[in-house]
Every structure is written in structure tokens, then in C-alpha cells.
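One structure below.
What follows draws every value from the coordinates through simple rules; no lab data is involved. Keep in mind the model is a prediction, meaning the values are calculated, not measured. Virtual Cβ from ideal backbone geometry, glycine too; neighbours counted across all protein chains shown.
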Amino acid sequence: MTADFLLIFSTCPDKTTADHIARALVDAKLAACVQLSPSVESVYYWDNQVCQSQEVQLQIKCLSLHYSAIEQMVIQLHPYEVPELIATPIINGLAPYLTWIKETTTS
């Protein structure tokens, strides 16, 4: 069951956007759970300058086979020109929790 699951990270400019994306992913059964961590501070390089902003971080738990659909939905709903979207495999986890992810995101 290990490489079948992903934890995807993204950030949003505000809670309203983060809520909208999180609910859309869960409603579409692409993610079992999306956690929102408000008030992360990001320092990054954009348009030839160093920027700093407050953002809301998303942690998306899903099946790896849904990554492409999640990517497309995030791109469609996200206001950033280039949204953060980083996926890391879940290599270990509590078996009942991983089963819940699978059951929740399988139609």
C-alpha cells in the first residue's frame, strides 16, 4: 500500500481560496482530507524580486492515481499564475488510515 498514496502541499493567498479548493477536492473524491494551516509566511523570488507574504498551506491526502486530476483542479481554481503543488509519496502510515483514504476517494 505504500507508493499508492501521496501527501500534496500547496499554498493559497487566503482562507477563502484555500477553503474553496479543499472542498472542491474532497467533494470530487480526489482527496480524502485536506488540512488547512493558516498563517504560514513564505519568502520567495518572483518577478525579479524577493517577496514575502502570509499564506494558507494545504496538505492534501490522496491516492497517487488522482494526482493529475488534482493538479488540473488546483490550476483551474487557484489565483496564482504558478501555484505551489508538490507531491511526496507516503511510504508508511497507519493501515486503517490509508484504507480510509482509499475507500473515501474511490467511487
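Restricting attention to helices (runs of 4 or more DSSP H) lying wholly within the range 7-107, give those where 3 or more residues are surrounded by 12 or more Cβ atoms within 10 Å (Cβ to Cβ) and free of Cβ contacts under 8 Å to residues at least 60 places away in the same chain.
Qualifying helices (runs of 4 or more DSSP H): 15-27, 67-77.
Condition first: in contact with a Phe, Trp or Tyr (Cβ under 8 Å, 6 or more places away or on another chain) and of a type in the set (Lys, Arg). Can you find one or more residues in the range 17-28 that meet it?
There is no residue in the range 17-28 that is in contact with a Phe, Trp or Tyr (Cβ under 8 Å, 6 or more places away or on another chain) and of a type in the set (Lys, Arg).
Determine, yes or no, whether Tyr80 is closer than 16 Å to Cys12 by Cα and not acidic (Asp, Glu). Even if it seems obvious, please write down each step before you answer.
Numbers: closer than 16 Å to Cys12 by Cα: yes; not acidic (Asp, Glu): yes.
Against the criterion (closer than 16 Å to Cys12 by Cα and not acidic (Asp, Glu)), Tyr80 qualifies.
Which residue, of Ile75, Ile101, is touching a strand residue (DSSP E or B) at 6+ places or on another chain (Cβ under 9 Å) and among the β-branched types (Val, Ile, Thr)? Spell out how you get there, then give the answer.
Details: Ile75 fails: touching a strand residue (DSSP E or B) at 6+ places or on another chain (Cβ under 9 Å).
On inspection, the qualifying residue turns out to be Ile101.
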